[in-house]
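Trainee: Before anything else, here's the structure in question.
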Amino acid sequence: MFLFKKKQKTYYEVLEISPKATDAEIKRAYFNMVRTYQPDRFPEEFKEIRAAYETLSDKQKRAEYDAIGKLPASVAPLFHEARRLDSLGKHNEAADLYEFILKRHPELENVRKEYAFSLSADDKNGKAADVWKELCRRHPDNAQYARKLGQCYLDRGWHKKALTEVQRALVLDPSSIHGWSLHVSCIIAKGGPGMFDELQEISNEALEAVKEVKTNEWEKIYLYAHAFITSGISKVENARGHLQQIIRLIREGGQNGRSEGRQALHEIALFVPDDSLAALYPELKEMADLLPDLNQPMLDQLENIRINFEAQHLLEKNYHEIFRDLFVILNTAYEDRDEDDELELLAIEFNLLRDKKLYDPQIRRLREEFPELYALHASFFNTALRTRDPEKMLYQLSKKIKKLKNQLDIDEDEDEDEDEDQDEDQDYGPPKTVHRAQPKVGRNDPCPCGSGKKYKHCCGA
């Protein structure tokens, strides 16, 4: 048995207007009510007034609201209770109520749509997909229904089906920001070696298609983020332009803009290596400053990008490139370094000591001009500046380098022996000539998958 509160005011009654009110009358009524019920003095009343205005000022939302108002008297209380349960996050209970209504009134499509929303919110995407599929069958020209069906397929991992529905929705509504965002999500979920090329093409096409759309413009943040990710960063001005658009939309989008911006920043940090982002650190910092409650890993990554940014600027200050290379290695998290990185680090230290007269003045300048960079390797720098016997330090470094090289050689020999043992176990015939399907990729070369990362930190990990 369901219990109900006393009859609530309709949104028209909340704003004290007629159901036939024009857009101008709705807007005027809203501002009049806000003057009377200011948010700091009447927070609950203001929430109700704001909800009424946001619904009635949007043509599609108003049409849906009006349709709900025409529900049969026997159904309306149940429907409003179901929506209340949805607003409280009790989607399972709401879905049961919608299902109860539909068994008696299967013709009520607004109820069916709300039923599908509740099922999706309760992660029952298979059942929700069946409902959206039925709605699409009844209304093949409804782009929203096609998008919702595509989203359900995507949530279930059915990428091809999802892409088919999303593309159909875009044919029906080519200027839908949400539709293009779903298209991008489908490509990412599908993955594959050509993903980045496909993403770049779709992101650019999407931004062109939604260029004139001004409603809920903050939704474009997702599209700009992926246009940025796929710009290759080599086209710095294009990439910077995308970031500037994201910053503008975060500022204008309020809470929605900040939420979308936070997700965009995480995706950018996930897909693009820190050293590639270094040139755009000022814009990333401006973007991050607009986003409260960033988690600690994200803040740490931004700090890494800042250090790479400063390291790259050393060349502009007439420092030798050996310092930039040093700080790029030092800025790699210790657990992510391998033997090649450690060997390169030792080689840089050896060269700094070997040409001490050349590099000591630059180390002293570094201590004054870039103290945070200096602190990353202060122990070595301090020792190198103080030592009167660089030959001893060079000898110790050469022993470490030799030991590490020998260890790398042993590891490579063991790998080769394993390959030979496997060949002997599997084939006792004459040796066969093996041709590589692709050129050999070095551990420090760019990964052929197109991620932009080094091979050793990506597919070669």
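The values are calculated or read from the model by the stated rules, or taken from the named source; none is laboratory data. Just so you know, these numbers come straight off a predicted model, no measurement behind them. Because the Cβ atoms are built from the backbone with ideal geometry, glycine has one as well, and the counts that use them run over all protein chains shown.
Trainee: From ARG28, ARG35, ARG41, which residue is assigned to a helix (DSSP H, G or I), modelled with pLDDT of 85 or more and either loosely packed, with under 10 Cβ neighbours inside 10 Å or of a type in the set (Gly, Ala, Ser) (or both)?
Mentor: On the way: ARG28 fails: either loosely packed, with under 10 Cβ neighbours inside 10 Å or of a type in the set (Gly, Ala, Ser) (or both); ARG41 fails: assigned to a helix (DSSP H, G or I).
Going through ARG28, ARG35, ARG41 in turn, just one is assigned to a helix (DSSP H, G or I), modelled with pLDDT of 85 or more and either loosely packed, with under 10 Cβ neighbours inside 10 Å or of a type in the set (Gly, Ala, Ser) (or both): ARG35.
Trainee: Could I ask something else about it? Just wondering, is there one or more residues in the range 32-45 that are over 33 Å from the mean Cα position of the chain (by Cα) and under 28 Å from ASP130 (Cα atoms)? Before the answer, list the steps.
Mentor: First, the residues of the range 32-45 that are over 33 Å from the mean Cα position of the chain (by Cα): 32-45.
If we keep only those that are under 28 Å from ASP130 (Cα atoms) as well, we get none.
No.
Trainee: Could you tell me whether any residue of the range 285-308 is within 23 Å of PRO361 (Cα to Cα), crowded, with 20+ Cβ neighbours inside 10 Å and either modelled with pLDDT of 90 or more or more than 20 Å from the chain's Cα centre (by Cα) (or both)?
Mentor: For the range 285-308, residues within 23 Å of PRO361 (Cα to Cα), crowded, with 20+ Cβ neighbours inside 10 Å and either modelled with pLDDT of 90 or more or more than 20 Å from the chain's Cα centre (by Cα) (or both): present.
Trainee: If you don't mind, there's one more thing I want to ask. Keeping to the range 49-81, report how many residues are under 33 Å from the mean Cα position of the chain (by Cα) and not in a loop (DSSP other than H, G, I, E, B).
Mentor: Step one: of the range 49-81, the residues under 33 Å from the mean Cα position of the chain (by Cα) are 50-62, 64.
Subsequent filtering for residues that are not in a loop (DSSP other than H, G, I, E, B) retains 50-56, 59-62, 64.
Selection size over the range 49-81: 12.
Trainee: Show the residue pairs that are 6+ apart or on different chains and have beta-carbon atoms under 9 Å apart, the first residue being within the range 161-177 and under 25 Å from LYS214 (Cα atoms), the second being surrounded by fewer than 17 Cβ atoms within 10 Å (Cβ to Cβ) and β-branched (Val, Ile, Thr).
Mentor: Between residues of the range 161-177 that are under 25 Å from LYS214 (Cα atoms) and residues that are surrounded by fewer than 17 Cβ atoms within 10 Å (Cβ to Cβ) and β-branched (Val, Ile, Thr), the close pairs are SER175/VAL213; SER176/VAL213; ILE177/VAL213; ILE177/THR215.
Trainee: Taking the range 32-84 on its own, how many of its residues are small (Gly, Ala, Ser) and touching a residue at least 40 places away in the same chain (Cβ under 8 Å)? Lay out the reasoning, then the answer.
Mentor: Residues of the range 32-84 small (Gly, Ala, Ser): 51-52, 57, 63, 67, 69, 73-74, 76, 82.
Pick out the ones that are also touching a residue at least 40 places away in the same chain (Cβ under 8 Å) and you get 51-52, 67, 69.
Within the range 32-84, residues that are small (Gly, Ala, Ser) and touching a residue at least 40 places away in the same chain (Cβ under 8 Å) number 4.
Trainee: Can you find, within the range 120-143, the residue that is nearest to LEU108 (Cα to Cα) among those that are buried (at least 18 other Cβ atoms within 10 Å of the Cβ) and small (Gly, Ala, Ser)?
Mentor: Ranking the qualifying residues of the range 120-143, first place goes to ALA128.
Trainee: While we're looking at this one, here's another question. Being assigned to a helix (DSSP H, G or I) and of a type in the set (Phe, Trp, Tyr) is the filter; apply it to the range 328-371 and report the residue that is nearest to ILE307 (Cα to Cα). Before you say what the answer is, go through the steps one by one.
Mentor: Here is the first cut: in the range 328-371, the ones assigned to a helix (DSSP H, G or I) are 328-330, 334-336, 339-354, 356-369, 371.
Restricting the remaining residues to those that are of a type in the set (Phe, Trp, Tyr) gives 334, 350, 359.
On the way: TYR334: 15, PHE350: 23, TYR359: 21 Å.
So the residue we want is TYR334.
Trainee: Can you pull out the residues in the range 160-175 that are among the small types (Gly, Ala, Ser) and not in a loop (DSSP other than H, G, I, E, B)?
Mentor: Initial filter on the range 160-175 (among the small types (Gly, Ala, Ser)): 162, 169, 175.
ALA162, ALA169 - these are the residues of the range 160-175 that are among the small types (Gly, Ala, Ser) and not in a loop (DSSP other than H, G, I, E, B).
Trainee: If we only count helices (runs of 4 or more DSSP H) wholly inside the range 107-159, which ones have 1 or more residues that are acidic (Asp, Glu), at pLDDT below 90 and over 16 Å from ASP86 (Cβ atoms)? Talk me through it step by step, then tell me what you get.
Mentor: Details: elements: 109-121, 125-138, 143-156.
By residue number, 109-121.
Trainee: For the range 372-388, name all the residues that are among the polar types (S, T, N, Q) and either part of a loop (DSSP other than H, G, I, E, B) or at pLDDT below 90 (or both).
Mentor: So in the range 372-388, the residues among the polar types (S, T, N, Q) come out as 379, 382-383, 387.
Result: THR387, single match.
Trainee: Is there a residue in the range 377-389 that is out of contact with any Cys (no Cβ under 7 Å at 6 or more places or on another chain) and in contact (Cβ under 8 Å) with a residue 40 or more places away in the chain? Please lay out each step first, then the result.
Mentor: Within the range 377-389, the first condition is being out of contact with any Cys (no Cβ under 7 Å at 6 or more places or on another chain), and the residues that meet it are 377-389.
Add one more test, that the residue is in contact (Cβ under 8 Å) with a residue 40 or more places away in the chain, and what stays is 377.
Scanning the range 377-389, I find at least one residue that is out of contact with any Cys (no Cβ under 7 Å at 6 or more places or on another chain) and in contact (Cβ under 8 Å) with a residue 40 or more places away in the chain, so the answer is yes.
Trainee: Specify the residue that is nearest to LEU270 (Cα to Cα); the eligible residues are those in the range 182-196 that are surrounded by fewer than 18 Cβ atoms within 10 Å (Cβ to Cβ) and in contact (Cβ under 8 Å) with a residue 60 or more places away in the chain.
Mentor: Here the residue is MET195.
Trainee: Return the residue satisfying two criteria in turn: it lies in the range 246-283 and is within 22 Å of LYS214 (Cβ to Cβ) and charged (D, E, K, R), and of such residues it is surrounded by the most Cβ atoms within 10 Å (Cβ to Cβ). Before the answer, list the steps.
Mentor: Let us first name the residues in the range 246-283 that are within 22 Å of LYS214 (Cβ to Cβ), namely 246-261, 263-264.
Checking the rest, the ones that are also charged (D, E, K, R) come to 248, 251-252, 258, 260.
On the way: ARG248: 16, ARG251: 13, GLU252: 11, ARG258: 18, GLU260: 22.
Here the residue is GLU260.
Trainee: To continue, here is another question. I'm trying to understand the selection: among the residues of the range 200-241, which are among the β-branched types (Val, Ile, Thr) and either closer than 10 Å to ILE177 by Cα or crowded, with 16+ Cβ neighbours inside 10 Å (or both)?
Mentor: First, pick out the residues of the range 200-241 that are among the β-branched types (Val, Ile, Thr): 202, 210, 213, 215, 221, 229-230, 233, 236.
Result: ILE202, VAL210, VAL213, THR215, ILE221, ILE229, THR230, ILE233.
Trainee: Now for a separate question. Are any residues in the range 87-118 surrounded by fewer than 20 Cβ atoms within 10 Å (Cβ to Cβ) and acidic (Asp, Glu), and if so, which ones?
Mentor: GLU93, ASP96, GLU99, GLU107, GLU109
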